[in-house]
Amino acid sequence: QVQLVESGGGLVQPGGSLRLSCAASGSISRINVMGWYRQPLGKQRELVAAITSGGSANYADSVNGRFSISRDNAKNTVYLQMNSLKPEDTDVYYCNADILTDGTRMSMWYWGQGTQVTVSS
């Protein structure tokens, strides 16, 4: 079994910063894309940022230039550095990863449980 465990959420003032982490554990053979999503109230879950195993990243327009995604392949961990946070960034942030497990031929998408980010004065 594979688990994704997020950490780093919390309460921050507008203009502040937070760093989210997501560690994958289990019988992992390879992790392809890793990313972060959020789900605004009443809307579908949306991509915030994603990064390939080679380090290529893409971002939602709303966070481009403020957020930075990175990963440590040796630790099976992805990070999201969030700067210049705005109240509209308030949400639950979910980690997502495309993982090939030991003994299987097809990768699967896994989700973390989510971590709350609240931006408020």
message: Considering only residues that are surrounded by fewer than 18 Cβ atoms within 10 Å (Cβ to Cβ) and farther than 20 Å from V33 by Cα, which ones fall in the stretch 93-121?
response: Q116, T118, S120, S121
message: Based on this model, can you work out whether V5 counts as of a type in the set (V, I, T), modelled with pLDDT of 95 or more and open to solvent by 60 Å² or more (accessible area, probe 1.4 Å)?
response: yes
- request: Please enumerate the residues belonging to the stretch 78-87 that are more than 23 Å from D98 (Cα to Cα) and touching a Leu at 6+ places or on another chain (Cβ under 9 Å).
  value: N83, L85
- prompt: Of S70, S62, S27, which residue is hydroxyl-bearing (S, T, Y) and in contact (Cβ under 8 Å) with a residue 60 or more places away in the chain?
  reply: S27
- request: Could you check the stretch 16-77 for strands (runs of 3 or more DSSP E) lying wholly inside it with 2 or more residues that are open to solvent by 20 Å² or more (accessible area, probe 1.4 Å) and either more than 16 Å from N96 (Cα to Cα) or small (G, A, S) (or both)?
  value: 18-26, 67-72
statement: Of all strands (runs of 3 or more DSSP E) fully inside the stretch 78-121, the set with 1 or more residues that are more than 12 Å from the chain's Cα centre (by Cα) and more than 12 Å from L11 (Cα to Cα) is 91-101, 108-111
- prompt: Looking only at the stretch 14-57, which residues are farther than 20 Å from L4 by Cα and in contact with a helix residue (DSSP H, G or I) (Cβ under 8 Å, 6 or more places away or on another chain)?
  reply: P14
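The values are calculated or read from the model by the stated rules, or taken from the named source; none is laboratory data. Please read these numbers as outputs of a predicted model, since none were measured by experiment. For neighbour counting, all protein chains shown are included, and Cβ atoms are generated from backbone atoms with ideal geometry for every residue, glycine included. Remember, those area values only see protein heavy atoms, side chains included, never the ligands or the DNA or RNA. Shrake-Rupley method; radii C 1.70, N 1.55, O 1.52, S 1.80 Å.
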